[in-house]
Amino acid sequence: MARALELNARQVEVYGDSELVIKQMKGQYKVKNEGLKPLFEQARALAERFSRVRFTHVRREENKLADKLYNRAIDRKGEVHDVLD
């Protein structure tokens, strides 16, 4: 979402393979893990800067490209948007 804001996007669709995280972002589930609450609050603050955000769960097996890009970013110890640029 931070990268989308840098690109002046006003609406964004967020796809994720963690059903738990997607439901937390939608407000359907609470974040119980104290260590994750700051990250959740940061993500919610970013989401509020858009005029519209849609969070969609995508099964990991149906999301091979995103998984590959994420793993490439982790291997490089960089940000995901560094891999996309």
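The values are calculated or read from the model by the stated rules, or taken from the named source; none is laboratory data. Since the structure is predicted, the reported quantities are computational estimates derived from the model, not experimental observations. We place every Cβ from the backbone using ideal geometry, glycine too, and count neighbours over all the protein chains shown.
Once region 45-59 is narrowed to residues that are loosely packed, with under 15 Cβ neighbours inside 10 Å and not aliphatic (A, V, I, L, M), the residue that is farthest from the chain's Cα centre (by Cα) is SER51.
Contact map, region 13-30: residues that are among the acidic types (Asp, Glu) paired with residues that are in a helix (DSSP H, G or I), Cβ distance under 9 Å, separation 6+ or inter-chain. Pairs shown: ASP17/ARG60; ASP17/GLU61; ASP17/GLU62; ASP17/ALA66; ASP17/ASP67. For region 3-34, a tally of residues being among the β-branched types (Val, Ile, Thr) and assigned to a loop (DSSP other than H, G, I, E, B) returns 1.
Take the conditions (1) assigned to a loop (DSSP other than H, G, I, E, B); (2) modelled with pLDDT of 90 or more; LYS77 misses just one of them, which is (2).
Only one of the listed residues (ASN8, ASN71) is of a type in the set (S, T, N, Q) and within 15 Å of the chain's Cα centre (by Cα). That residue is ASN71. With respect to the conditions (1) modelled with pLDDT under 75; (2) exposed (fewer than 11 other Cβ atoms within 10 Å of the Cβ); (3) in a helix (DSSP H, G or I), LEU65 falls short on a single one, namely (1).
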